[in-house]
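The values are calculated or read from the model by the stated rules, or taken from the named source; none is laboratory data. Owing to the predicted nature of the structure, the values given are computational and were not obtained by experimental measurement. No Cβ is skipped: glycine too gets one built from the backbone with ideal geometry, and neighbour counts run over all protein chains shown.
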Amino acid sequence: MSGSIQQVIQNMLDSVLPTINTPGTSYYLPTWVQTNGYDPYGKKDGITWAVTLTDKNVIQTAASICAQLYQDGEVCKDPNAFYIAAPGHPPVLVAGGNSPGDLLISGFSNAVMASMTSQTNDPYTIVAIAKFSTLPNYAPNAVISGKFTFTEYCCCSLDQKACTTAPEAAVGSGKFTATIDGSATATITFKITDLAPGVLTIGVQGVNLVMPIKNGNPAITIKIDITSIPKGVNSKTYNDAAMEAFNSPQGLSNIASQMNNIMNQPVQLETMGDILTQVIDGYLKNSHQYPFNAASLALF
């Protein structure tokens, strides 16, 4: 085989790409994702994230929780005090938990590898583009679902500006689903880390997941079900506050950023590298198209 290093690697990638995207083959990407337990992801691992909310609309809506507690009970010993949202203690939204199944990510087996390109300046580095939610015979959308808590902090105040008591947590909890509306795209950067006749090892260096955009924010539809609320607060009050939090620009952006954080955890990068190695290396060996024979290796 003649040509540059980059040409040799690119020829290998061009040979593998159709098989990765062909249903029924042993190396079909959606099958590999499902077989290796990544759809849904979270059944074996506890996933959680938290966001402190600074959006003014969220803070204003959440303050109604404290006002309702004040109206429906004697929460302050001083009869002249009011129960208010504690200044400097914004509400906190926590998704998932420490136990497997508390947060699940499903639908990412609906994947097509759009391209794999060996980089001219470093042929061993490959940039791949994967597109999700485009296949008709798989779940049409990726969904993040699980448990959540929404916490508002309240305190007693004589002037409705400063606390006279320590802030107290008013916690509501329930379940949520966040459905990605449209096709997300992932840019996966991986590198050939081991190369010898008949041997190929790939390490994934990073993943950048880009969500579809709607009205300037990640296009995500939120549904929640409040199952536990403080005594004295009705479910609609907490439902409105939690929905405001999830649907705020900060809440939607946090979901997108946390998805990237999960994908870029060392264990995830290692596993993705193993899958890519098995798929590409296995296909080349089984189809007798392995390009790294003695002649081609001389290029390296």
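Observations
- Tyr28 vs. criteria modelled with pLDDT under 90, closer than 25 Å to Ile202 by Cβ and among the aromatic types (Phe, Trp, Tyr): yes
- Single residue of the range 1-16 satisfying the filter (more than 16 Å from Gln119 (Cα to Cα) and of a type in the set (A, V, I, L, M)) that is modelled with the highest pLDDT: Val16
- Any hit, the range 198-216, residues being in contact (Cβ under 8 Å) with a residue 60 or more places away in the chain and farther than 21 Å from Val267 by Cα: yes
- As a summary of the residue check, Thr179 satisfies the conditions (1) over 21 Å from Val92 (Cα atoms); (2) touching a Phe, Trp or Tyr at 6+ places or on another chain (Cβ under 6 Å) except for the one numbered (2).
- Candidate set: the range 110-142, residues that are part of a strand (DSSP E or B) and small (Gly, Ala, Ser); chosen: the one nearest to Gly37 (Cα to Cα): Ala111
- Breaking point among (1) within 28 Å of Ala169 (Cα to Cα); (2) of a type outside the set (S, T, N, Q); (3) touching a strand residue (DSSP E or B) at 6+ places or on another chain (Cβ under 6 Å), for Pro79: (3)
- Of all residues making up the range 251-272, the number that are surrounded by fewer than 17 Cβ atoms within 10 Å (Cβ to Cβ) and not charged (D, E, K, R): 9
- Only one of Asp39, Asp45 that is closer than 30 Å to Leu103 by Cα, of a type outside the set (A, V, I, L, M, F, W, C) and touching a residue at least 60 places away in the same chain (Cβ under 8 Å): Asp39
- Any hit, the range 166-189, residues being over 19 Å from Met113 (Cα atoms), modelled with pLDDT of 95 or more and loosely packed, with under 13 Cβ neighbours inside 10 Å: yes
- Residue match in the range 227-234 (condition: without any contact (Cβ under 8 Å) to a residue 24 or more places away in the chain, within 30 Å of Glu168 (Cα to Cα), crowded, with 17+ Cβ neighbours inside 10 Å and over 19 Å from the mean Cα position of the chain (by Cα)): no
- The residues listed here are Val16, Val112, Val51, Val58; of these, the one that is touching a Lys or Arg at 6+ places or on another chain (Cβ under 6 Å) and either surrounded by fewer than 20 Cβ atoms within 10 Å (Cβ to Cβ) or in contact (Cβ under 8 Å) with a residue 60 or more places away in the chain (or both) is Val112.
- Restricting the first member to the range 151-168 and to residues that are touching a residue at least 12 places away in the same chain (Cβ under 8 Å) and among the basic types (Lys, Arg), and the second to residues that are surrounded by 17 or more Cβ atoms within 10 Å (Cβ to Cβ) and outside any loop (DSSP other than H, G, I, E, B), the beta-carbon pairs closer than 9 Å and six or more apart or on different chains are Lys161/Ile84.
- Residues in the range 120-151 that are of a type in the set (A, V, I, L, M) and closer than 30 Å to Pro230 by Cβ were compared, and the one that is nearest to the chain's Cα centre (by Cα) is Ile144.
- Taking first residues from the range 263-277 that are under 12 Å from Gly203 (Cβ atoms) and partners that are surrounded by 17 or more Cβ atoms within 10 Å (Cβ to Cβ) and β-branched (Val, Ile, Thr), the Cβ contacts under 7 Å between residues at least 6 apart in sequence or on separate chains come to Leu269/Val204; Met272/Val204; Gly273/Ile202; Gly273/Val204; Leu276/Ile202; Leu276/Val204; Thr277/Ile202.
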